[in-house]
Structure formats: C-alpha cells, structure tokens
Number of protein chains: 2
Amino acid sequence: MNGADSLCDTLLANGVDVCFANPGTSEMHFVAALDRKPQMRCILGLFEGVVTGAADGYARMADKPAATLLHLGPGLANGLANLHNARRANTPMVNVVGEHASYHIQHDAPLTSDIESLARPMSDWVHRIQSADDVSSAAAAAIEVAKTEPGGIATLILPADAAWQDASPSIQRARSVEPSAIDEAALSRVREALRNGRKTVILLSGKALRAGALDIAGRIAAKTGAKLMAQQSNSRIERGAGRVAIERVPFAVDAALKALEGTEQLILVGARTPVAFFAYPGKPGVLVPEQCDVIKLADPGNDLRLALQQLADAVGATSATPAMVAERGGIELPTGALDASAIIQAIGALCPENAIICDEAVSSGRDSFKWTWNAAPHDFLQITGGAIGIGIPLAAGAAVACPDRKVILMQADGSGMYTPQGLWTHAREQLDVITVIFANRSYAILHNELKMMGAGTPGRNARRMLDLDSPPIDWVHMAQAAGVEAARAADTRTFTDLLRTALSRKGPFLIEAII
Amino acid sequence: MNGADSLCDTLLANGVDVCFANPGTSEMHFVAALDRKPQMRCILGLFEGVVTGAADGYARMADKPAATLLHLGPGLANGLANLHNARRANTPMVNVVGEHASYHIQHDAPLTSDIESLARPMSDWVHRIQSADDVSSAAAAAIEVAKTEPGGIATLILPADAAWQDASPSIQRARSVEPSAIDEAALSRVREALRNGRKTVILLSGKALRAGALDIAGRIAAKTGAKLMAQQSNSRIERGAGRVAIERVPFAVDAALKALEGTEQLILVGARTPVAFFAYPGKPGVLVPEQCDVIKLADPGNDLRLALQQLADAVGATSATPAMVAERGGIELPTGALDASAIIQAIGALCPENAIICDEAVSSGRDSFKWTWNAAPHDFLQITGGAIGIGIPLAAGAAVACPDRKVILMQADGSGMYTPQGLWTHAREQLDVITVIFANRSYAILHNELKMMGAGTPGRNARRMLDLDSPPIDWVHMAQAAGVEAARAADTRTFTDLLRTALSRKGPFLIEAII
C-alpha cells in the first residue's frame, strides 16, 4: 500500500465516499489509488470551481464531507472562490491538493507555487503531508476538522512522493467531536431577556434553520412574542408548507435597516450580527439599531437544536403551538409578462414535495422568499460568501447527495457564466437538476450598485462593463454544448409549460427564461 | 477628483490605456472614473481568468502592461491561475483589486478575505493603498514594477473609500528603469567558453527570442558552432521563414534528456537551467547532463539583445551569416486522416504573414514546432506556467494589442473548457481570432502521465476522471452560445477548407476539429 492508497482508505473508513475531482500529473498516484477503490464515487468537474462548489452542495445536503482532488496551486486557485462560499457556509470539506514531489520543489518548475498562502484564506485548516506514513493520520485530522460542528474546510497538501511511497497499513479513524452545549449563563441571560418585554428578534442561522430546530424556535416565538429571522444568507433552510416560515434579513442596506428598525434586543442562534454586504458612503456598516442589545445564545459550533430546546424549556414554550407555520397556499401560476417574479412564482406553484431549490438568481432572486414560502416543503440553498459562480456546481453536488429529490436551480446569467462547465457534470452524471436561467443580459446588481454608490448614470465604458447584451449569451446552445437538453422561454406560458415538462421527468434540463 | 480618477489618470499618463475588467460593487467608483475617460479601452471578461489571461496576451504583444480590474479576494482568486502563467512569462501587468472600504473590513462581511495572502504567490509586488492621496504614487510604483525588465506582476489593492474620497490632483509618472547591461566578467567567461571547443548549447528565452536578438544569436552559432535552443516554454518567439529557427527543450523528460545529451556547457541567455515539469519516480529533476557546466550570460532582466550583441562582438560573429535561417518551405497541405499533426501542418501551410499563433494544444501540440518552423513569419505564444485555461484569453489579448494581425489559436479541448467564457470576449470585441479546437475528448496528457508514473492501466474511476467523451463537448454550440461563428471538421479536407475560409475574412471563428 502506498500513501495514495492510505489516503483513499482513510477517507472511506471515515465515511467520505464521494470525491469531486480535477486531477493533474502530480495526482496520478491518487487517481490510481481511487481506481482500486470502486466504493469511492469519483465525479469529474471540468474546472475546479465546479469541483469545490459541488463538494459544497453535496455536504450541505449529505451532512458529511466530500473530498475534492485539485492539481497544485493553480488548480486550488481555480477552486478558491467556491471554497470561500463553502467556508462562509461552514460546510465540511476535505480538499486534497496534489503537490510536486518534496525533493522537486527546489527546482521551481513552472507549476510550482506557494500552496499554503493560497489555501489559508479559504481554509479553516491547512496541512502539508510530510511522508507516506503521515498520510493516514493527517487525513484523519482533516476529516475531524471538517466534521467538527459547524463544519470546516480542511486542506491537505499531498506531495507526489508521499503518494507513491510505501505507507504503513494502519488506517486512522477521525475522532468524533460532539457539538458543544451552550453554557448556562448564556441560557439564563436569554431567558431573562425574553421576559423583559422589549422588542426582540431571534436571529437564526446554520442548523437552527432545519425544520426540527425551526419548529422549536416557532414555539419560542409563539410563547414570548419574539420575532424569528434568518441571517441574510444561509447554508440550508428547510422550509415550505407545514414548516415554520422565516424571513431573511434583506441584502439591501436600507431594507435591512427597515426590517430591524425598532429592535431592542437581538438574540443570536448560530447567526452573526447583521452587517452591510458592502460599505456605502454615509450608510452604517452594522445593521441593528444603535441601542439594540445583541445577546448570543449559541455559536455556530454549538448544538443549535439542543440550544433552542433548552431555551424552549426555560421559557415554558415546549408545548406551545409554533408561530408562523406555513400552510400550503395553493400558489397561483403566474400570468402576465415573464419576469423574475413570474419565474419564481411558477417555481413556487409547481415545486414538488421535497425538492431542493438552489438560489443564485442574485438581483433577480430578491423575491424568491416571498413566492416560495408556502410552496411544497423543500430545502433552500443559497450563495453564502458572495463569490458568484456557485449555482450550477451547488446544484450538482446537492443532486449527487440526494438522487431521489428534484433540484431546481435559480441561476442568474452573469453568475452562471462563471462556472458553465458544471452543466457538463449535470449531463455526465445524469443529475436530476432543472436549471432556470434568469436571462436579463446584464450585471443588473451592478447597475443598481453604481446608482447606490452615487456614481452617476453609466456611459459607454461603464455599460461595456455592466451589460451582457452584445452579443447575448445563448444558454440553450451553452447547455447543448455540455450535453444538457434545453429550451428557451420568452413568455410566461411557455416558461410554465417547460417547467412542468421538465418536472415530469428525470435528468438535467435547462430553461433559458428571457426577462 | 477622487482616488478612482487619480488611478485612472495615472494609468493613462503612463501609457496604460487598456483595462481588462470584471468589476463588482467595491469597484463601482473606479468604473465611474473609467467612464469619464474614453481614452481608456475597457474590455469585459465574463470570468476573471479571461481578464488576467487576456492582459497577459496583450502585454506579450504590446510590450507594455494592461490594467486589470478584479473584485475582491474571490475575483482575484478566479484570475490567479492565469496570473501564475503571466508571472512565469515575465509579463508586465497592473492588477487593481477592489477591496471593501477600509473601515468596513472589521465587520468581516461575507466577501471579506485576506487579499494579500492570495495575491503574493502570483505577484511580484503587492501593495494596499492607504488613502486617496496615496493612489497616484502607488499606481506609479506599480507601473514601474510592471515595466521594469523583464516585466512583473504588480497588484494594487484599492479600498473603496480610497477610491471615492477626494484625492490630490497631482499625477505621478513611473520612473523608467532601463534594462541593465551584463557584467564584463560574465561576458568574458562566456567568450572563453565558446573558444574551448566543448559541445555547447546556448539556451535562450524572453526577449532573446525576438527576431533581432535571434538573428544575432544565429551569427554567434554560425561563428562558434554552438547550438541554439529555446526554453521549453516562452512568452513569445518571433519565428518562421527568414528568421533564425530554434528548437525548444522538449516537455517530456526522456526527450529532453536526449536533446541535451552530450552537452558539455550550457550558456543561459535569459533562460533557466532546464528542469522536469514534474518529478517522476527514478528520473532526474535537472535535465542537463551531470558533468555539464552551466554558465550564465544574462538574467531575464538584462538587456538580452544587447548582451547577445556584446557576445557577438566579443567572438567576432557580428558579420557572420546567421545559422539556421528558415527558408519559406512551401509547406504542403496535409492529406490523410485528420489528426493533431494534420491540423498543425495545415496551419503551417496556410498561416498568413505576421500571424500570431497561440498554442494551448497541450499534448496535441507537441508537433507544433516541427510543422510551423518555416511557415510565414509569425509570433508564437505559449502557456508558460502550466496552468491550463490560458489559450482563449491569451488569443483575445493578443488580438486587442494587434488588431491588424490574424490570431490563430491552437486549443486543446480539456484546457479550453477552463475559460470558454473568453469566446464571448472574442465576439463582443469582434477580435480577429481563429480558434482551432483539438477535440480528442480526453485529458490525453494525463492518460500518458498515468502511464509515465507507472500507475497502471486506467479502470473505471480513472477513466471517469481522464475522459471527456461522455457526453462529448459540442464546441460548435459552445462558440455559438458566446456569439462566435463556428463549424466542425471531422476530416482533413473539411478542416483545410474551413481554415482557408476563416483566414479569408476578419472576425472570430471557431473550428472544432475532431481528432
């Protein structure tokens, strides 16, 4: 057994059995080792942003890490933007970055680079393997980092010689670290706060947004009169009919200020104090009112459901009827012109039970919560770090994790162009993903941001950088290039018909919706 | 005038008048400033790898830097792989990376990351602007780094508040740093070596591979019997009929060892001692024979043409007739099956005078030198850092720099899928680029590397990671998706006809050659 086998066996022994990969020469021994392990499912992405984004989507739905296989510094670099999103989502992930043989680095061959420097900003843990005998314990340590709540990005640098040298056959198990309970002081502070009659928002994120935890939060809200809100962006929300509905803190600064206006105390449950996505001249960075008390119940690494249960017990809410449970609303199919709201409304109306909705519709997706809150019960996955290009990969990974669930991807066109290669993975793996392109042919968000910055009306140079209409991107051809069946809709009726058809069958499909 | 205006004016005052861009919110004031400067040509890439790769191609042909505009850490990260190539090519480039307003960073908003850590591995110089008044001097310093021979990657981090605050109207000029001359000792060492009768290779790279410098090198070779060779990969070679022909050190270790076998002394002119691209078990890392003396005439930062002229004077070669001048060979059009060699032969035969040939054909391009050495005079641009995905952007940048020259891109399919977004820039800017896709539907190089590593015959998992045939990528649809006209050739005659047609007109065209 060589180091590569040891790595592969350690991953499998710890339940990591999916590897999203884009290998190169320095990873050939690991590829050969994977080849000897049919239990490992290897999924190729034709660009590393697809690899890391898919690993993120997989882990959000599987609640366990996938491995990624990346080629040297540049391969890692290509995957960093989606690693950034994954880190912000607290996604568990084990990255294997192939490196030159240790004795070759001195030669500064063309592909040599400082992998640690590249990895650190988007990793919670970075480790360079020293020898083949170091592989299994290093991999186990990586898996432990990844799996420890709330989840972490562990990046292992694997020199080629450590992969090809003989390794000890001893395979290490990752220590299992239980999520920690909250401390008594935090619990009693929050309990007291909920009795003081002040206007309260309980801000949830992470696993506090799973249906079970939300149900408990809904009871607390019912009992105490506190309002529930979710962070602006979150890894995964279980929502829809029969579940506790929750608003998000809006993206836009003014809207967020308005939503939180008058809040006298904010209780954090795995969430962070809301801040502006960007600074704007003359606007605040922190979005809660100045006099508002921020009280932390639980960190993302705590057992959030348990924390909510303890709080419910403390305030006597356990047997309350949850507030804000969404009833199946019989969402109407849209009529009128095809626009972003019509698309989302159609998705809300037709979304099947247990679907996974992925949202990278960016500015077009602002209404997505409004039109889907009482759709059939579904999971809702968002871009968490603002690094666009996650939608197509995220949907791929979610579909790999949940082959029996329909994935619906709401995809902005500008962001979609960051990782269109992911469509090929949809086709190759015959993933059950419907990709809906919101084709507004513009970086619409930037037009708005230019205005928000007070930077004036766009002229030629600005328009050359913000508009995608010349030439328009033909997403139907793009999908077909990657082997995904596709069709275009320019009116609401056609869109609804296409969506219905796509929902009636399995496998990848793309709808370009011209809005 | 604000900081963004100051930056824009400083770039223009120093002759930097092309900006490849993919902006985001934090760069909106810079976008607004660019909008006030119609002298600046702003070119949008729909992904940052396109932006940095195009800036590389532009600078290689324009012999001056372009600016890039990138959005925060993730935007920079997306551009890093091609920055890596550019740094290895000693390309001059000024990157402007937008950053949050300085006072906003403390909030760790979703897009916050450690930009310096990401930038350093692929930059020669990194600087964070402190205030609007710092902008012009910082930009001038960046331009100086970029322009100092052999060229450098300068990365400027521009906080949004430094862009929007009032700035001093004083615009700084970059100091002009002349390339240094070689020292006398190096010159006399090499002069002596060329007289000792030992078997000598003169290894050239950088600007020693421009036609004028090569002509001088050809005279030295004729006079001294030394053999000329070029580094394995180089930023730009001026070659073809009427110019001194030069072989490259082969990529494959065994072939490189054979090419350098028996060499007793190696003289470096802007080149580095050849090393293996990767380490292979049991093979050497340094590719020159153990007993070979390596003697440096000139560093990449020296004036390489002057160095060669001084050497020619020293060995009395100035009036010699250059060795190895390529005569226009009347390259035959290929017959027989369509394969990589036939494609390259057709390009060699039909290549118009003064064309720019970009090569990212990877394993399919191994014969590209053999079949084009005596084609019409042309420039030859290569991938320099091994980070695939440069071809389509590189060709775009070269075409922007040289609008009156035909660009022919030899593009492998696997690598092409890294930055297919660049085709949209070909269409948008109506660039005169013919993209030839070598569609072997495989990471062919990796199949070979797996063999070279002794890693055995690929099974299912390995094939799932090395083959791109299921589904095949349809490059004609891909091009059409981006607004580029395209056609497919599956036989030599069709390919030759399509190439001839594409050469007869201006504007972007893509040929998918099935091999």
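Restricting region B:310-331 to residues that are modelled with pLDDT of 95 or more and outside any loop (DSSP other than H, G, I, E, B), the residue that is surrounded by the most Cβ atoms within 10 Å (Cβ to Cβ) is B:L311.
Taken over region B:110-167, the residue count meeting the criterion of being surrounded by fewer than 21 Cβ atoms within 10 Å (Cβ to Cβ) and of a type in the set (G, A, S) is 5. Taking the condition surrounded by fewer than 24 Cβ atoms within 10 Å (Cβ to Cβ), assigned by TED's automatic domain parsing to the domain that holds A:I388 and under 17 Å from A:I347 (Cα atoms), does A:D491 pass? In short, yes. The test for being within 12 Å of chain B (Cβ to nearest Cβ), in contact (Cβ under 8 Å) with a residue 12 or more places away in the chain and in a helix (DSSP H, G or I) holds for A:G73. Out of the residues in region B:167-207 meeting the condition of being in a loop (DSSP other than H, G, I, E, B) and among the small types (G, A, S), tell me which one is nearest to the chain's Cα centre (by Cα). Selected residue: B:S205. Once region A:352-370 is narrowed to residues that are small (G, A, S) and free of Cβ contacts under 8 Å to residues at least 60 places away in the same chain, the residue that is farthest from A:R239 (Cα to Cα) is A:S368. Scanning region B:174-195 for residues that are loosely packed, with under 13 Cβ neighbours inside 10 Å and in contact (Cβ under 8 Å) with a residue 40 or more places away in the chain yields B:E178, B:S188, B:R195.
Restricting to region B:148-166, name every residue that is within 28 Å of A:Y280 (Cβ to Cβ) and either assigned to a loop (DSSP other than H, G, I, E, B) or within 14 Å of chain A (Cβ to nearest Cβ) (or both).
Just the residues of region B:148-166 that are within 28 Å of A:Y280 (Cβ to Cβ), to begin with: B:155-166.
Once the filter is applied, which keeps residues that are within 28 Å of A:Y280 (Cβ to Cβ) and either assigned to a loop (DSSP other than H, G, I, E, B) or within 14 Å of chain A (Cβ to nearest Cβ) (or both), region B:148-166 yields B:T155, B:I157, B:L158, B:P159, B:A160, B:D161, B:A162, B:A163, B:W164, B:Q165, B:D166.
Here is a yes/no grid of residues against (1) of a type in the set (D, E); (2) in contact (Cβ under 8 Å) with a residue 60 or more places away in the chain; (3) in a helix (DSSP H, G or I); (4) within 9 Å of another protein chain (Cβ to nearest Cβ):
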residue	(1), (2), (3), (4)
B:G49	no, yes, yes, yes
B:G57	no, yes, yes, no
B:H84	no, yes, yes, yes
B:N95	no, yes, no, no
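If you filter region B:426-477 down to residues that are in contact with a strand residue (DSSP E or B) (Cβ under 7 Å, 6 or more places away or on another chain) and among the small types (G, A, S), you find that the one that is farthest from B:C402 (Cα to Cα) is B:S442.
Within region A:449-508, the residues that satisfy the criterion of being modelled with pLDDT of 95 or more, assigned to a helix (DSSP H, G or I) and facing chain B (nearest Cβ under 9 Å) are A:W475, A:V476, A:H477, A:M478, A:A479, A:Q480, A:A481.
Reported count of residues in region B:462-504, each being in contact with a Phe, Trp or Tyr (Cβ under 9 Å, 6 or more places away or on another chain) and small (G, A, S), is 8.
Summed over region B:129-166, the residues that are within 23 Å of the chain's Cα centre (by Cα) and more than 30 Å from B:R305 (Cβ to Cβ) give a count of 1. Screening A:G507 against (1) in contact with a Lys or Arg (Cβ under 8 Å, 6 or more places away or on another chain); (2) over 18 Å from B:F47 (Cβ atoms) leaves a single unmet condition, (1). Residue-level analysis places B:A101 among those that are of a type in the set (G, A, S), closer than 29 Å to B:P169 by Cβ and at the interface with another protein chain (Cβ under 8 Å from one of its Cβ atoms). Pairs are defined by a Cβ separation below 7 Å, a sequence spacing of at least 6 or placement on different chains, a first member in region B:371-390 that is under 24 Å from B:T335 (Cα atoms), and a second member that is of a type in the set (F, W, Y) and in a loop (DSSP other than H, G, I, E, B); no pair meets this definition. Residue count for region A:196-213 satisfying the condition of being among the hydrophobic types (A, V, I, L, M, F, W, C) and either without any contact (Cβ under 8 Å) to a residue 40 or more places away in the chain or touching a Cys at 6+ places or on another chain (Cβ under 7 Å) (or both): 1. Right, A:S117: free of Cβ contacts under 8 Å to residues at least 12 places away in the same chain and more than 25 Å from B:Y280 (Cα to Cα) or not? Considered against the rule, which asks whether it is free of Cβ contacts under 8 Å to residues at least 12 places away in the same chain and more than 25 Å from B:Y280 (Cα to Cα), A:S117 comes out as yes. Filtering A:T419, A:T496 for residues that are under 14 Å from A:I511 (Cα atoms) and not small (G, A, S) leaves a single hit, A:T496.
Taken over region A:103-128, the criterion of being within 33 Å of the chain's Cα centre (by Cα) and either in a loop (DSSP other than H, G, I, E, B) or at positive phi (or both) is satisfied by A:L111, A:T112, A:S113, A:D114, A:S123, A:D124. The set of residues in region A:25-41 that are facing chain B (nearest Cβ under 7 Å) and touching an Asp or Glu at 6+ places or on another chain (Cβ under 7 Å) comprises A:T25, A:S26, A:M28, A:M40.
The values are calculated or read from the model by the stated rules, or taken from the named source; none is laboratory data. These figures come from a predicted structure and were not determined experimentally. When we count neighbours, we look across all protein chains shown, and the Cβ atoms used for this are built from the backbone with ideal geometry, even at glycine.
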